[in-house]
Structures are given as C-alpha cells and as structure tokens.
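Contents: one structure, followed by commentary.
The values are calculated or read from the model by the stated rules, or taken from the named source; none is laboratory data. All figures in this text were calculated on a predicted structure; none of them were measured in a lab. Don't worry about glycine lacking a Cβ; one is built from the backbone with ideal geometry, like all the others, and counts go over all protein chains shown.
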Amino acid sequence: MSCEKDAPQVTLDLMRETDLPEILAIENESFPLPWTAAMFRKELNNANAQCLTARVNFGPKSVLGAYIIFWLVADEAHLHNLAVKKEFRRQSLAFHLLKVMQEIARKVGIRAQTLEVRPSNTAAIKLYEKCGFVVKGIRPLYYPETHEDALIMWADVKPR
Ligand SMILES: CC(C)(COP(=O)(O)OP(=O)(O)OC[C@H]1O[C@@H](n2cnc3c(N)ncnc32)[C@H](O)[C@@H]1OP(=O)(O)O)[C@@H](O)C(=O)NCCC(=O)NCCS
C-alpha cells in the first residue's frame with residue numbers, strides 16, 4: 001500500500017480470524033450498531049467477500065488501523081464495511097483502502113462500485129465524494145436502529 005508524505009508506514013494485509021479482537025474494538029467505537037464477531041467470521045468465509053486490513057507499523061510492532069470489506073458480485077464492487085481506528089483518522093487510511101477496492105475491481109473487470117451510507121455521516125460522504133462516488137438513490141429505513149434512510153452512492157471503476 002503506498003503512503004503519502006508524512007503518512008504513517010502502513011501494510012495492507014488479508015483480514016484474519018486473529019485480527020478480530022482489534023477489529024471489534026474499532027467496530028465498537030465506530031458504529032451505533034456494530035457488527036459482531038460472528039458477522040465478521042461469516043465474511044471471512046464468504047467467497048465473494050474481500051476482507052482487508054491496514055496495519056500501522058511502529059518498528060517491529062504494528063497496530064490494526066483500519067479495515068475494509070467489500071463484495072465482488074454481479075459486475076459490482078459493493079462496499080459492506082469500512083472503519084478506521086479513531087487515533088488514525090484523517091491520515092488517508094480509508095482513502096487508500098477505497099483505492100485498493102477500486103484496483104481489485106478493475107483487475108477482475110468490474111466497472112462499477114456502490115455503497116450505502118447514512119445521510120448524517122458527513123465524514124464518510126466527503127470521503128466517498130473524494131473517491132468519485134455520487135448519490136444516485138435512497139434506500140428507505142435501511143438503518144432500523146436510528147430510523148435512517150441510506151444514501152446509495154455509485155462510482156465508475158476508472159480505467160488506468
Ligand atoms: C469515515 C472514515 C472511514 C474516514 O476514514 P479516514 O481514514 O479518517 O479518512 P481519510 O483520512 O482517508 O480522509 C479522506 C477524505 O475524506 C474526507 N473526510 C474524512 N474524514 C472527514 C471528517 N471527519 N470531516 C470531513 N471530511 C472528512 C476528507 O475529504 C478527507 O480528505 P482530506 O483529509 O484531504 O480533507 C472514518 O471517519 C471512520 O472510520 N468513521 C466511522 C466508521 C464509518 O463511518 N465508516 C463508514 C461507514 S459508511
């Protein structure tokens with residue numbers, strides 16, 4: 001994973017079962033209705049799912065800083081989960097993980113990317129807009145716990 005100037009040294013890796021304690025800590029600080037360990041395990045065993053982590057390196061030690069889960073199905077890359085540990089936010093980790101999603105989609109010939117996001121999640125919407133996503137629809141009451149609709153965003157997978 002390439003990093004910008006002044007960004008921490010970051011290693012991209014496949015998500016593993018042993019990452020779950022760190023992932024669940026990030027998940028719990030990030031979402032009002034966090035995924036459970038069982039939900040992550042289901043994704044780790046889903047052949048359509050790509051589950052990746054970004055580890056921030058401090059010498060020989062590393063901390064799990066962010067993760068992304070997306071599906072490659074029906075000619076679409078569909079984002080299912082993305083979160084960054086609070087202390088590493090605004091350091092381009094999410095931006096780079098979304099670039100990796102696009103790169104993997106491009107390599108398998110997928111031309112479109114999609115995701116759902118809460119209208120109240122300004123940080124995420126700004127991130128997705130920076131990555132070329134635009135709002136194309138609404139999924140009513142997609143988030144039952146807060147009675148929120150979801151914005152449906154789409155982006156083309158850009159050719160190289
Ligand atoms: C949304 C989230 C994933 C962003 O991760 P991040 O690594 O901090 O984002 P990046 O540093 O890659 O930011 C890229 C761009 O997104 C936008 N952005 C990110 N966080 C922002 C914030 N708090 N306010 C405004 N814009 C923001 C900016 O345009 C930013 O570019 P800039 O830094 O050059 O201004 C992170 O805040 C998070 O984990 N939130 C909780 C979980 C969540 O909401 N996930 C998305 C579910 S749909």
Inset, instruction - Residue by residue through the range 95-146, note down the ones that are aromatic (Phe, Trp, Tyr) and either more than 21 Å from residue 53 (Cα to Cα) or at pLDDT below 95 (or both). - result: 133, 142, 143
Legend entry - Any pair with Cβ under 7 angstrom, 6 or more apart, that starts in the range 116-131 at a residue that is over 13 Å from residue 148 (Cβ atoms) and ends at one that is more than 7 Å from the ligand (Cβ to nearest atom) and of a type outside the set (S, T, N, Q): 128/153; 131/98; 131/155
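Restricting to helices (runs of 4 or more DSSP H) lying wholly in the range 25-142: which have 1 or more residues that are among the β-branched types (Val, Ile, Thr), buried (at least 17 other Cβ atoms within 10 Å of the Cβ) and within 11 Å of the ligand (Cβ to nearest atom)? Steps first, please.
Working: elements: 37-44, 93-107, 122-130.
Ranges flagged: 122-130.
Hey, among the residues in the range 37-71 that are of a type in the set (S, T, N, Q) and in contact (Cβ under 8 Å) with a residue 40 or more places away in the chain, which one's nearest to residue 10 (Cα to Cα)? Even if it seems obvious, please write down each step before you answer.
Pass one, the range 37-71, residues of a type in the set (S, T, N, Q): 45-46, 48, 50, 53, 57, 62.
If we keep only those that are in contact (Cβ under 8 Å) with a residue 40 or more places away in the chain as well, we get 50, 53, 57, 62.
On the way: 50: 19, 53: 10, 57: 6, 62: 9 Å.
Here the answer is 57.
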Legend entry - Residue selected from the range 8-23 under the condition farther than 29 Å from residue 74 by Cα and buried (at least 16 other Cβ atoms within 10 Å of the Cβ), by the criterion modelled with the highest pLDDT: 22
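Of 117, 73, 56, which residue is farther than 24 Å from residue 158 by Cα and β-branched (Val, Ile, Thr)? Give the derivation first.
Working: 117 fails: farther than 24 Å from residue 158 by Cα; 73 fails: farther than 24 Å from residue 158 by Cα.
The unique qualifying residue is 56.
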